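Undergrad: Sending over a structure as structure tokens; questions will come in a sec.
Only the coordinates and a few stated rules stand behind these numbers; no lab work does. Nothing here was measured: the structure is a model prediction, and the numbers come from that model. Using ideal geometry, Cβ is built from the backbone for each residue, glycine included, and neighbour counts are taken over all protein chains shown.
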Amino acid sequence: MKILVINCGSSSLKYQLIDMETEEVIAKGLCERIGIDGHLVHKPEGKPVLDKNIDMPDHTVAVSLVLNALTDPVSGVISSLSEISAVGHRIVHGGEKFADAVVLNDEVIAEIEKCNDLAPLHNPANIIGIRSCQKLMPNAPMVGVFDTAFHQTMPEKAYLYALPYEYYEKYKVRRYGFHGTSHSFVSKRAAEFLNIPLKDSKIIVCHLGNGSSICAVDGGKSIDTSMGLTPLEGVAMGTRSGAIDPAIIEFIAEHEHMDLPQVMNVLNKKSGVYGVSGVSSDFRDLAAAAEAGDHRAQIALDVFEYQVAKYIGSYAVALGRVDAIVFTAGIGENNISAREHICSYLSVLGVKLDAQKNNVRGQETILSADDSKVKVLLIPTNEELAIARQTKELVQR
Ligand code: ADP
């Protein structure tokens with residue numbers, strides 16, 4: 001069985017074709033600048049990479065170029081589209097409606113459209129991706145996998161904001177959380193890796209990438225997470241502010257003569273470690289600048305690490321006990337010094353990192369010392385595989 005995983009953004013489309021017998025990627029790629037000019041990078045396993053500028057006026061054209069690349073005699077990995085058993089779509093926001101992956105039909109898509117308000121940049125693009133695939137592969141079953149679904153188990157006290165309750169009733173303003181596919185995949189894998197039953201496990205997952213979120217997972221269920229109504233809340237990120245005093249919004253609007261969308265643009269695109277450092281949103285650039293003596297780059301890293309550590313501390317309280325702290329995603333998997341610094345704040349929890357074991361990137365392993373009270377793990381995330389597995393499960397039912 002081969003499953004195509006699609007992650008459609010407003011001007012980009014990432015894809016992977018996965019052979020579910022071996023769970024290996026047989027081709028993956030990226031369409032960029034859709035609706036602008038168009039650029040396709042297609043990486044088939046064991047064949048030369050295809051990298052070309054090509055006209056992509058809309059997402060349907062992008063999907064058809066991907067399908068052509070997959071079946072092309074030179075760059076292809078399958079002989080016909082009928083080899084694709086199903087398509088799994090990443091969908092950012094499922095609101096309160098979707099606590100699980102779902103087979104997509106017109107009724108379900110209409111329900112997803114109702115969540116567009118909550119993720120105006122992402123959901124409409126996701127739906128365009130679904131519609132485009134349906135048009136070009138009318139016989140392949142499609143499944144939607146939501147970033148928010150895993151967090152639907154949070155209790156009221158974790159998801160409600162202390163705002164007038166009517167905003168929750170009228171508009172569903174609440175914490176939803178994101179990166180759910182990753183938090184679910186990584187926490188399950190951590191329990192397996194430690195050989196402890198998932199239902200008895202208490203795990204804190206730190207998904208640290210361009211966007212970062214921390215999640216408290218109790219018995220395999222999310223009970224709290226740092227992102228909120230939108231992916232802006234939580235720790236400082238590449239360009240996102242994370243949690244700030246909400247009064248700052250009015251203050252900046254007044255002093256910088258900005259309207260609300262302009263201030264929100266600053267919080268989403270010009271803040272985070274980029275805003276503090278003025279150097280870059282990429283942690284590799286920050287490390288290099290800090291090394292060269294740039295104070296603002298150093299303080300940006302310090303702010304990020306301190307905030308991640310504080311969330312871990314608060315989730316230790318929420319969980320009542322911690323079996324494992326897990327690092328994942330670009331920074332979590334690769335940034336040795338960020339992990340070291342974050343863990344150095346956690347001695348109160350009995351966390352003791354082993355510097356030697358922590359000197360590793362991108363592989364599943366234990367990072368903590370043998371006498372650490374809490375295990376610290378590195379578990380690489382694989383959101384595409386998680387989406388493909390859920391898609392397979394649903395279409396086989
Ligand atoms: P996204 O949220 O866009 O998926 P990623 O999970 O790829 O982001 O994380 C991007 C961050 O991870 C960047 O700040 C980058 O510095 C860091 N990162 C990614 N790969 C490496 C690497 N090999 N070494 C060090 N840092 C890395």
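Undergrad: Return His122, His93, His341, His255 ranked ascending by Cβ neighbour count within 10 Å, so the fewest neighbours appear first.
TA: His255, His341, His122, His93
Undergrad: How many lysine pairs are close in the range 2-146, with Cα atoms under 17 Å apart and the two 8 or more places apart or on different chains?
TA: The number of close lysine pairs in the range 2-146 is 11.
Undergrad: While we're on this one: Using a basic spin-label model with each label point 7 Å from the Cα along Cα→Cβ, how many nm lie between Thr153 and Glu24?
TA: In this crude label model, Thr153 to Glu24 measures out at 3.3 nm.
Undergrad: With both partners inside the chain, how many of the DSSP beta bridges are antiparallel, as a percent to the nearest 5?
TA: 70 percent
Undergrad: Using a Gaussian network model of the chain with C-alpha springs under 10 Å, which one of Asn195, Asn334, Asn358 is most mobile by mean-square fluctuation?
TA: Asn195
Undergrad: Taking a ≥ b ≥ c as the square roots of the eigenvalues of the Cα gyration tensor of the range 111-152, is the shape rounded (a/c under 1.5), prolate (a/b larger than b/c) or oblate?
TA: oblate
Undergrad: Further question on the same structure: Report, as a whole number in µm² per second, the diffusion coefficient that Stokes-Einstein gives for the range 196-378 at 37 °C and 0.692 mPa s using the Kirkwood radius over alpha carbon pairs.
TA: Estimated via Stokes-Einstein, D reaches 193 µm²/s.
Undergrad: Here's something else I'd like to know. Using DSSP to define loop residues, name the chymotrypsin sites (Phe, Trp or Tyr not before Pro) in the range 161-237 whose beta-carbon has at most 16 other beta-carbon atoms within 10 Å.
TA: Hits after loop and neighbour filter: Tyr161.
Undergrad: On to the next question. Which number comes out as Rg/Rh for the range 18-102 once both Rg and the Kirkwood Rh are worked out on C-alpha atoms?
TA: 1.02
Undergrad: When the Debye formula is applied to the Cα atoms of the range 240-290, each taken as the same point scatterer, what base-10 log of I(q)/I(0) results at q = 0.13, 0.17, 0.18, 0.24 Å⁻¹?
TA: Listed by q, the Debye log ratios stand at -0.35, -0.55, -0.60, -0.86.
Undergrad: Separate question: Each residue of the range 87-102 in turn: what ³J(HN,Hα) in whole Hz from Karplus with 6.51, -1.76, 1.60 and θ = phi - 60°, glycine and Pro shown as x?
TA: 10, x, 10, 6, 10, 6, 10, x, x, 8, 6, 10, 9, 8, 5, 8
Undergrad: Tell me, what HN-Hα J-couplings in whole Hz come from the Karplus equation 6.51 cos²θ - 1.76 cosθ + 1.60 at θ = phi - 60° for each residue of the range 297-305, using x for Gly and Pro?
TA: For the range 297-305, the Karplus-derived couplings read 5, 5, 5, 4, 5, 4, 4, 4, 5 Hz, x marking Gly and Pro.
Undergrad: Could I ask something else about it? May I ask you to derive the FRET efficiency for Glu111 and Tyr171 from their Cβ-Cβ distance with R0 = 22 Å, giving the value to the nearest 0.05?
TA: Using R0 = 22 Å, I get an efficiency of 0.85.
Undergrad: For the range 196-378, what is the percent of antiparallel DSSP beta bridges, rounded to the nearest 5?
TA: Taking every DSSP beta bridge within the range 196-378, about 60 percent pair in antiparallel fashion.
Undergrad: Dividing the Cα radius of gyration by the Kirkwood radius, what Rg/Rh value follows for the range 197-271?
TA: Result: Rg/Rh = 1.15.
Undergrad: Starting at 0 and stepping by 10 Å, how many percent of the alpha carbon pairs of the range 2-146 end up in each bin?
TA: Binned Cα distances yield the sequence 12, 43, 34, 10, 1.
Undergrad: To continue, here is another question. Using the eigenvalues of the Cα gyration tensor, what equivalent ellipsoid semi-axes result for the range 130-170 when each is taken as the square root of five times the eigenvalue, whole Å, largest first?
TA: Gyration-tensor ellipsoid for the range 130-170: 36, 13, 6 Å.
Undergrad: Could I ask something else about it? Averaged across orientations, what area in nm² does the convex hull of the alpha carbons in the chain project?
TA: Projected area, direction-averaged: 21.1 nm².
Undergrad: If r is the Cβ-Cβ distance from Arg397 to Arg284 and R0 is 45 Å, what FRET efficiency results, to the nearest 0.05?
TA: 0.55
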